[in-house]
Amino acid sequence: MRPVYVLDTNAFIDLLAQREDVTEGLDRATEDDALMLLCPFVYYEMERGFRKLQQTENEQRFLFLSRIMQWQDLELSDRNLAAQFWARNEGIGRRKSDADLVIAAFARNRNASVVTADVCGFESLPVMIENWRVEG
């Protein structure tokens with residue numbers, strides 16, 4: 001079965017910083033013919049950061065990198081699932097950011113793994129997680 005990945009914002013930031021371990025993770029995914037999906041919420045977070053910091057060079061690199069990703073719009077099912085995740089986590093006293101909830105729902109609905117260094121942000125959500133950073 002073809003692997004499917006959704007990169008979290010921090011994974012894109014690591015790629016723009018040319019962090020070797022994360023770049024190698026992307027290389028492995030490419031070699032495995034993985035389907036790389038671009039979540040619209042991640043795109044929004046990246047664009048917002050570029051505008052705030054006026055990083056036009058990084059924005060251009062991001063746009064180039066995003067060309068290997070397949071864009072898929074957020075669907076009503078993504079928003080509904082994110083709301084379910086929110087209610088479930090609020091009910092047990094675990095607050096999650098809207099970004100993490102939407103990204104997790106987007107990935108879950110597409111049977112994709114979320115690539116993130118923020119494992120604790122996703123660990124209570126029913127989604128597959130991969131951390132391409134090599135800590136140490």
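Coordinate-derived values only; no laboratory data. Remember, it's a predicted structure, so these values are computed and weren't measured experimentally. So basically every Cβ, Gly included, is an ideal-geometry build from the backbone, and we count neighbours across all protein chains shown.
Within region 5-26, residues that are touching a residue at least 40 places away in the same chain (Cβ under 8 Å) and closer than 18 Å to Arg108 by Cβ have Cβ atoms under 6 Å from residues that are assigned to a strand (DSSP E or B) and of a type in the set (Val, Ile, Thr) in these pairs: Tyr5/Val115; Val6/Val114; Leu7/Val115; Asp8/Val114; Ala11/Val115, counting only partners at least 6 apart in sequence or on another chain. Looking across region 81-120 at every residue that is β-branched (Val, Ile, Thr), in a helix (DSSP H, G or I) and touching a helix residue (DSSP H, G or I) at 6+ places or on another chain (Cβ under 8 Å), the one that is nearest to Arg133 (Cα to Cα) is identified as Ile103. The residue that is surrounded by the fewest Cβ atoms within 10 Å (Cβ to Cβ), among those in region 115-136 that are touching a residue at least 60 places away in the same chain (Cβ under 8 Å) and over 10 Å from Asp100 (Cβ atoms), is Val134. Residues in region 95-110 that are surrounded by 12 or more Cβ atoms within 10 Å (Cβ to Cβ) and either of a type outside the set (Asp, Glu) or closer than 19 Å to Ala29 by Cβ (or both): Lys96, Ala99, Leu101, Val102, Ile103, Ala104, Ala105, Phe106, Ala107, Arg108, Asn109, Arg110. With the condition kept exactly as written, say whether any residue in region 28-40 is among the basic types (Lys, Arg), surrounded by fewer than 17 Cβ atoms within 10 Å (Cβ to Cβ) and over 15 Å from Phe12 (Cα atoms). Scanning region 28-40, I find at least one residue that is among the basic types (Lys, Arg), surrounded by fewer than 17 Cβ atoms within 10 Å (Cβ to Cβ) and over 15 Å from Phe12 (Cα atoms), so the answer is yes. In the set (1) within 12 Å of the chain's Cα centre (by Cα); (2) among the hydroxyl-bearing types (Ser, Thr, Tyr); (3) farther than 23 Å from Glu47 by Cα, Ser124 fails one condition alone, (1).
Within region 25-63, the set of residues being over 14 Å from Leu7 (Cβ atoms), acidic (Asp, Glu) and assigned to a helix (DSSP H, G or I) comprises Glu31, Glu47, Glu57, Glu59. Taking region 64-80 as the range and being without any contact (Cβ under 8 Å) to a residue 40 or more places away in the chain, hydrophobic (A, V, I, L, M, F, W, C) and not in a loop (DSSP other than H, G, I, E, B) as the test, the residues that pass are Phe64, Trp71, Leu76.
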